[in-house]
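A short worksheet on the structure shown next.
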Amino acid sequence: MKTEKEILSGLKKHGSPTPSKWRENAEWRMANKSWLRYSQRIAMMMLDKMEEMGLTQKVVAQRMGCSQQYISRVLKGTENLSIETISKIEDALGLQILEPAYAR
Amino acid sequence: MRFDLITENEHLWAVKYEDSLDNVLDTILGQWNDVSWLRSFFKQNSADLASYFKITDVNKAIYDTIEDSERLQCLIMDISPDANLDEIFRPLDNSRTAEMILGKEKARLRNTPHHASWLRIYAIKLDPGIYVITGGAIKLTRTMQEREHTLVELARMEKVRRFMLDNNIADMDSFKDYLTEID
């Protein structure tokens with residue numbers, strides 16, 4: 001007959017060999033919510049423009065001088081973009097992302 | 001198939017499928033915050049979005065999903081040890097009134113500010129107040145049978161339920177027996 005402690009230990013051991021990161025990921029989304037909203041909005045603007053211009057991620061990556069994998073992450077809306085990167089996005093897609101703020 | 005503990009009080013679990021890097025709760029919350037994935041989904045299902053929710057702006061659908069996903073995420077993260085999960089999960093079949101062994105259940109947000117939330121979390125009920133999450137979906141149609149992605153969720157629920165029955169799991173006690181036996 002197993003004790004409660006042994007059962008609990010068994011239950012915890014049964015968890016995946018690599019512990020779940022669901023809570024860590026959820027807490028990260030909450031802690032970074034404010035800039036994530038900007039990143040998500042930029043991803044939406046980029047995807048709209050890419051569709052309008054018929055551009056693939058590969059072409060955008062070439063225009064920005066970065067990897068396609070990086071563009072894929074940017075389009076998820078989870079990258080903390082530098083001003084340099086935002087400027088490259090504007091040049092590559094003919095978008096105005098920072099201009100309205102600058103104009104004020 | 002493995003089972004990850006979601007809440008320390010052992011009332012909420014999530015399935016980790018063989019082909020996934022993390023459990024299904026992490027997967028769906030990740031998808032519901034991924035702009036590229038959401039855009040592709042809503043483009044494919046734009047007719048349902050327009051006819052059932054009168055929304056033609058894909059970016060609004062993406063934004064609403066991210067907002068609702070955050071509310072659901074908070075709801076799960078804030079589950080207290082004495083919380084009653086029966087208030088969050090309801091029978092999948094709205095007409096089901098009697099309890100059944102390993103019942104199929106769903107969770108959704110109530111009283112959302114814009115329109116009725118289309119996010120669903122699906123689970124198997126082990127015992128009153130104890131659930132195992134099997135998946136989740138963006139449900140835009142009246143029934144789950146109408147679209148492939150919701151049919152997949154029905155199939156996953158049945159697969160997990162069948163797995164449990166095949167391993168003599170019928171409630172929390174037998175679930176614990178199963179977990180300790182395989183270690």
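The values are calculated or read from the model by the stated rules, or taken from the named source; none is laboratory data. Keep in mind it's a predicted model, so treat the numbers as computed, not measured. Here the Cβ positions follow ideal geometry from the backbone for every residue, glycine too, while neighbour counts run over all protein chains shown. Surface areas here come from the heavy atoms of the whole protein model, side chains and all, with no ligands, DNA or RNA. Shrake-Rupley method; radii C 1.70, N 1.55, O 1.52, S 1.80 Å.
Exactly one condition in (1) within 20 Å of the chain's Cα centre (by Cα); (2) among the charged types (D, E, K, R); (3) open to solvent by 10 Å² or more (accessible area, probe 1.4 Å) is false for B:E105; which is it?
Tallying (1) within 20 Å of the chain's Cα centre (by Cα); (2) among the charged types (D, E, K, R); (3) open to solvent by 10 Å² or more (accessible area, probe 1.4 Å), B:E105 fails exactly one: (3).
So which residues in segment B:58-74 are open to solvent by 70 Å² or more (accessible area, probe 1.4 Å) and touching a residue at least 24 places away in the same chain (Cβ under 8 Å), if there are any at all?
To start, the set of residues in segment B:58-74 that are open to solvent by 70 Å² or more (accessible area, probe 1.4 Å) comprises B:60, B:63, B:71.
Scanning segment B:58-74 gives a single hit, B:R71.
Looking at segment B:77-95, which of its residues are surrounded by fewer than 17 Cβ atoms within 10 Å (Cβ to Cβ) and either touching a Lys or Arg at 6+ places or on another chain (Cβ under 8 Å) or over 30 Å from B:A50 (Cα atoms) (or both)? Walk me through it before giving the result.
Step one: list which residues in segment B:77-95 are surrounded by fewer than 17 Cβ atoms within 10 Å (Cβ to Cβ), which gives B:77-78, B:80-84, B:86-87, B:90-91, B:93-95.
Once the filter is applied, which keeps residues that are surrounded by fewer than 17 Cβ atoms within 10 Å (Cβ to Cβ) and either touching a Lys or Arg at 6+ places or on another chain (Cβ under 8 Å) or over 30 Å from B:A50 (Cα atoms) (or both), segment B:77-95 yields B:M77, B:D78, B:S80, B:P81, B:D82, B:A83, B:N84, B:D86, B:E87, B:R90, B:P91, B:D93.
Against the conditions (1) modelled with pLDDT under 95; (2) in contact with a Leu (Cβ under 6 Å, 6 or more places away or on another chain); (3) of a type in the set (A, V, I, L, M, F, W, C), where does B:A83 fall short? Just the number, please.
Evaluating B:A83 over (1) modelled with pLDDT under 95; (2) in contact with a Leu (Cβ under 6 Å, 6 or more places away or on another chain); (3) of a type in the set (A, V, I, L, M, F, W, C) leaves (2) as the failure.
Given B:L119, B:L151, which one is in contact (Cβ under 8 Å) with a residue 40 or more places away in the chain and of a type outside the set (S, T, N, Q)?
The unique qualifying residue is B:L119.
Just checking: which of the strands (runs of 3 or more DSSP E) contained wholly in segment B:1-92 hold 3 or more residues that are farther than 22 Å from A:S20 by Cα and more than 14 Å from the chain's Cα centre (by Cα)?
By residue number, no strands (runs of 3 or more DSSP E) qualify.
Against the definition (of a type in the set (K, R) and part of a helix (DSSP H, G or I)), how does B:R156 come out, yes or no?
yes
Please determine whether any residue of segment A:53-67 is under 20 Å from B:Y63 (Cβ atoms) and open to solvent by 50 Å² or more (accessible area, probe 1.4 Å).
no
Can you name the condition, by its number, that B:Q31 falls short on among (1) within 7 Å of chain A (Cβ to nearest Cβ); (2) under 17 Å from A:E27 (Cα atoms); (3) surrounded by fewer than 21 Cβ atoms within 10 Å (Cβ to Cβ)?
All conditions are met except number (1).
Tell me yes or no: at least one residue of segment A:5-26 is more than 25 Å from B:Y17 (Cβ to Cβ), at pLDDT below 95 and not hydrophobic (A, V, I, L, M, F, W, C).
The answer is yes, given that some residue of segment A:5-26 is more than 25 Å from B:Y17 (Cβ to Cβ), at pLDDT below 95 and not hydrophobic (A, V, I, L, M, F, W, C).
Test each condition in (1) open to solvent by 40 Å² or more (accessible area, probe 1.4 Å); (2) over 25 Å from A:Q40 (Cα atoms); (3) free of Cβ contacts under 8 Å to residues at least 60 places away in the same chain for B:N9 and report the one that comes out false.
Only one criterion in (1) open to solvent by 40 Å² or more (accessible area, probe 1.4 Å); (2) over 25 Å from A:Q40 (Cα atoms); (3) free of Cβ contacts under 8 Å to residues at least 60 places away in the same chain is unmet by B:N9, namely (3).
Of all residues being at the interface with chain B (Cβ under 10 Å from one of its Cβ atoms) and not in a helix (DSSP H, G or I) in segment A:20-39, which is most open to solvent (accessible area, probe 1.4 Å)? Just the residue, please.
This residue is A:K21.
Mind telling me which of the residues B:D177, B:D166 ends up being within 13 Å of chain A (Cβ to nearest Cβ), farther than 30 Å from B:T65 by Cα and open to solvent by 60 Å² or more (accessible area, probe 1.4 Å)?
B:D177 is the lone residue from the list that is within 13 Å of chain A (Cβ to nearest Cβ), farther than 30 Å from B:T65 by Cα and open to solvent by 60 Å² or more (accessible area, probe 1.4 Å).
Out of the residues in segment B:123-148 meeting the condition of being among the charged types (D, E, K, R) and touching a residue at least 60 places away in the same chain (Cβ under 8 Å), tell me which one is surrounded by the most Cβ atoms within 10 Å (Cβ to Cβ). Spell out how you get there, then give the answer.
First, the residues of segment B:123-148 that are among the charged types (D, E, K, R): B:125, B:127, B:139, B:142, B:146-148.
Within this subset, residues satisfying the condition of being touching a residue at least 60 places away in the same chain (Cβ under 8 Å) are B:142, B:147.
On the way: B:R142: 9, B:R147: 18.
For segment B:123-148, the residue satisfying everything is B:R147.
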